[in-house]
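Peer 1: Next up is a structure, given as structure tokens.
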Amino acid sequence: MTQSERMGSGKRIGISIEIPEPMGSELQNARRSFGDPMADAIPPHITVIGPTDIDPDELDEIGEHIQYACAQVEPFTVHLRGSATFRPVSPVVFIQVVDGIAQCEQLESLMRAGPLAHETRFNYHPHVTIAHEIDDEALDAAFNRMAFYEASFEVRHIHLYEHGADNVWRPIVSYPLGGGESLTMSAAE
């Protein structure tokens, strides 16, 4: 998820795969160590739908759409391995998704329809950002230090995040893959 100026009185949401513990803390600590100022505002994740401004009245319809899309995809394994970059197009270093790409792409395609249909600036590429919009030396350090990072985890839920007035992204609803009931997250979670 990226940051931009919020328009009007709407909500800004994003849909992502949460990176579970202990990998989530490892990646967040790494991002913090590279000097990325957004390390504490953006939890480690794989974006499915990036920041999207919506009218709060659309949230129920969007929730139903997300639940339908998630029901079409069974739980799957994500395998993360090694660093890569979008430079020179974008000042980003990320951890690569090497297994689970097809399922991430399927989720993105299913969700970027109906109430979430929109044109994208770049083709969808599932990844976990570990450094964004920091100086070249820090981006190089992130790329080199994370070159041999490797982790795997099961994806059983997709999370709807809301961008708070404090610029922090927080999960507000968890949607199970393969069907089942969604779970509203408490403010403490």
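Peer 1: Which residue is farthest from T85 (Cα to Cα), if the candidates are limited to the stretch 141-155 and must be surrounded by 15 or more Cβ atoms within 10 Å (Cβ to Cβ) and in contact with a Gly (Cβ under 8 Å, 6 or more places away or on another chain)?
Peer 2: It comes out as V155.
Peer 1: Let me ask another. Among the listed residues G114, G82, identify the single one that is surrounded by fewer than 17 Cβ atoms within 10 Å (Cβ to Cβ), modelled with pLDDT under 95 and more than 14 Å from the chain's Cα centre (by Cα).
Peer 2: The match here is G114.
Peer 1: Can you tell me which residue within the stretch 158-169, out of those that are of a type outside the set (A, V, I, L, M) and crowded, with 19+ Cβ neighbours inside 10 Å, is farthest from the chain's Cα centre (by Cα)?
Peer 2: The residue in question is H163.
Peer 1: State all residues of the stretch 88-128 that are in contact (Cβ under 8 Å) with a residue 24 or more places away in the chain and basic (K, R); if no residue qualifies, say none.
Peer 2: R112
Peer 1: Check R87 against each of (1) over 24 Å from R156 (Cβ atoms); (2) surrounded by 14 or more Cβ atoms within 10 Å (Cβ to Cβ) and name the one condition it does not meet.
Peer 2: (2)
Peer 1: Just to check your reading of the model, which residue among G10, G82, G24 is of a type outside the set (S, T, N, Q) and at positive phi?
Peer 2: Residue meeting the stated conditions: G82.
Conditions tested, residue by residue: (1) under 15 Å from the mean Cα position of the chain (by Cα); (2) assigned to a helix (DSSP H, G or I); (3) farther than 17 Å from E162 by Cα; (4) among the hydroxyl-bearing types (S, T, Y).
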| position | (1), (2), (3), (4) |
| --- | --- |
| E26 | no, yes, yes, no |
| I42 | yes, no, no, no |
| I46 | yes, no, no, no |
| T52 | yes, no, no, yes |
| A69 | no, yes, yes, no |
| V78 | yes, no, yes, no |
| V89 | no, no, yes, no |
| I95 | yes, no, yes, no |
| L110 | no, yes, yes, no |
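Peer 1: May I ask you to verify whether I134 is part of a strand (DSSP E or B), in contact (Cβ under 8 Å) with a residue 24 or more places away in the chain and not basic (K, R)?
Peer 2: No, not satisfied.
The values are calculated or read from the model by the stated rules, or taken from the named source; none is laboratory data. Nothing here was measured: the structure is a model prediction, and the numbers come from that model. With ideal geometry, Cβ positions are generated from the backbone for all residues, glycine too; neighbour counts draw on all protein chains shown.
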